[in-house]
1. Among the residues of the range 99-128, which ones are out of contact with any strand residue (DSSP E or B) (no Cβ under 6 Å at 6 or more places or on another chain) and under 18 Å from D24 (Cβ atoms)?
2. Can you name the residue in the range 549-567 that is in a helix (DSSP H, G or I) and not charged (D, E, K, R) and, of all such residues, is farthest from the chain's Cα centre (by Cα)?
3. If E122 satisfies every condition in (1) surrounded by 17 or more Cβ atoms within 10 Å (Cβ to Cβ); (2) in a strand (DSSP E or B) but one, which is the exception?
4. Just give me the residues in the range 52-62 being in contact with a helix residue (DSSP H, G or I) (Cβ under 7 Å, 6 or more places away or on another chain) and closer than 27 Å to A258 by Cα, in sequence order.
5. Which of the residues belonging to the range 335-346 are modelled with pLDDT of 95 or more, assigned to a loop (DSSP other than H, G, I, E, B) and out of contact with any Phe, Trp or Tyr (no Cβ under 6 Å at 6 or more places or on another chain)?
6. So S30 fits all but one of (1) hydroxyl-bearing (S, T, Y); (2) surrounded by fewer than 21 Cβ atoms within 10 Å (Cβ to Cβ); (3) not assigned by TED's automatic domain parsing to the domain that holds G171; what number is the exception?
7. Out of the range 8-20, which residues are at pLDDT below 95 and in a loop (DSSP other than H, G, I, E, B)?
8. Looking only at residues in the range 125-150 that are out of contact with any Cys (no Cβ under 7 Å at 6 or more places or on another chain) and without any contact (Cβ under 8 Å) to a residue 40 or more places away in the chain, which one is surrounded by the most Cβ atoms within 10 Å (Cβ to Cβ)?
Amino acid sequence: MSTKSDSLKVKLTENFSEFSQLSDYSFMNSLNADPQSTKDGYDHKPRSVYSGHFVPVVPTAIPEPKYISHSKKLFKELGLSSDLTKDQNFCRFFSGDISVADYPMSPFGWATGYALSIYGTEYIQQCPFGTGNGYGDGRAISVFEGLFNGKRMEMQLKGGGPTPYCRGADGRAVLRSSVREFLAQEFMDALGIPTSRSLTLFVSQSEIVRRPWYSKGSKYFEPDIMIDNQAAITTRVAPSFLRVGQIELFARRVRNNAHDAAVKELKMIVQHLIDRNYKDEIEYEISLESKVIKLAYLYRSRLISLVANWMRVGYCQGNFNSDNCAAGGYTLDYGPFGFCELFDPRFQPWTGGGEHFSFFNQPSAAEINFKTFCSSLTPLLSESKQDQEKLDQIEHDFSELMNKELEKMWASKLGLEHYNGTLINELFNLMVISKADYTILFRKLSHIPNKLDSLKDSFYLPINDELINRWEVWIGNWQSILKKEANIKAKSASMKSLNPVYTWREWVVLHSYEEAEKGNYNKIKELQDVFSNPYEEQTSDIDQKYNRLKPSKYFNYGGVSHYSCSS
């Protein structure tokens, strides 16, 4: 006899034929293809792209693909059966062989162009043509867009081969960077922070690509050798992959009078951003000017919240250019990212990033990206001085609102109802001087200890008597504030929900992709399990492996403590 709950169960998508029926390509159907693009998507050589919102591109399949893993959580959210990973056509499609696409799926994917601004300065030097018309998705190709339980999602192959934006590169991603992105996206989601997601991970059993990297144990700042890597493809998923740099590209074309349809194409891409990422919050019927003002207001809130949450968990984007800043307000592009272990406000894992993209400078970088976003919207405000003043005010208030959000975040991490600058700044000073581990220390504080002994395992070096005294004074001051405010037990529970036990430790993840290169994917799967529940203490075996200080040999270790790129 069937129960009521049985009848309410959602039928899962179990095969590739059923999966194809979920397709709905709003991006390609509502926006303009580059008029100089090919009809069939065989467009793989670097070239200038002067107009249009996308270039149709057929991805280049990796030969002899081997399935490594998938996100069970994301599959469940999308209503997909894990049996799909055994479906030959599903596996071929997400390893780059789009020839298996069933009607109504598109027989080709698409790549998009975008502009590059680094900390507010416009760049065209990275474009091989010196114009900015060759900059965009060099190895990322979107291949599917569809409705999953009424929710629109786009699926993009990272490492799917060259596009017109590849700037002469091979369009491939290596296994190392693919493992990192695959694991990091799902970890960020488990931390409760908006992010693109990971669907599947495949590796080629025969294609090898050569990249600069670090020799084992290297202390060099930049890569010192060339190494052979297995090519791999990870599929990332998001409501859209629209970036600030994309909106910026179309605004630049308007400013430069690049072509007759420049203003129209800017309007189209902004409306599409609203449709994809802000549909429930911005009414369709209101004027374009009103939509633009509301879009800036909503995006400001999302971006501020996102960056405050990055800081909360110790995440550093590393390369927070306008093209790596999702216009939907979530984390995107896990390239030279890292998580702070030894506390350092200037922590920056990417050798090419500079201090302006370091851990504590991320709010400033976000503000500059937001200014770029607002200036890109300006051409849509016609001649209305009043609308321009509204947009200017939204932009102007970013810094103040960002600071308020950060103060609220730091207070919450310490269980405080109100921000206390003196207490928190002294904590930062003590953390730096004592060489504290960011994640371990805040988790130990979440137990609200009475004595310093409870914190000592979070320090990389023994602390002297003077520091012991300073810590004891700090703990006493903190405790006295907490006891005045509310129930200590409730505060501890709240802090534990904000301060994870487990964080991303590159020296741990290193072993997962080293083993994967040997054909052993067990460590990847184990990390998936650990990362799926970062706020809860796990078994003692897991704790000993993943909740500990970085071993001294990994400090200043090329490819672990710092890296030039993730390839």
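The values are calculated or read from the model by the stated rules, or taken from the named source; none is laboratory data. No experiment lies behind these values; they were computed from the predicted model shown. Cβ placement follows ideal geometry from the backbone for every residue including glycine, while neighbour counts extend to all protein chains displayed.
1. A101, D102, Y103, S106, P107
2. The initial filter retains those residues of the range 549-567 that are in a helix (DSSP H, G or I), namely 552-554.
Imposing the further condition that a residue be not charged (D, E, K, R) reduces the set to 552, 554.
Working: S552: 28, Y554: 25 Å.
Residue satisfying both the conditions and the ranking: S552.
3. The one condition E122 does not meet is (1).
4. H53, F54
5. Once the filter is applied, which keeps residues that are modelled with pLDDT of 95 or more, assigned to a loop (DSSP other than H, G, I, E, B) and out of contact with any Phe, Trp or Tyr (no Cβ under 6 Å at 6 or more places or on another chain), the range 335-346 yields F337, E341, D344, R346.
6. It fails just one condition, (3).
7. Step one: of the range 8-20, the residues at pLDDT below 95 are 8-11.
Selection gives K9, V10, K11.
8. Step one: of the range 125-150, the residues out of contact with any Cys (no Cβ under 7 Å at 6 or more places or on another chain) are 125-132, 136-137, 140-150.
Subsequent filtering for residues that are without any contact (Cβ under 8 Å) to a residue 40 or more places away in the chain retains 125, 130, 137, 150.
Numbers: Q125: 9, G130: 10, D137: 27, G150: 5.
Result: D137.
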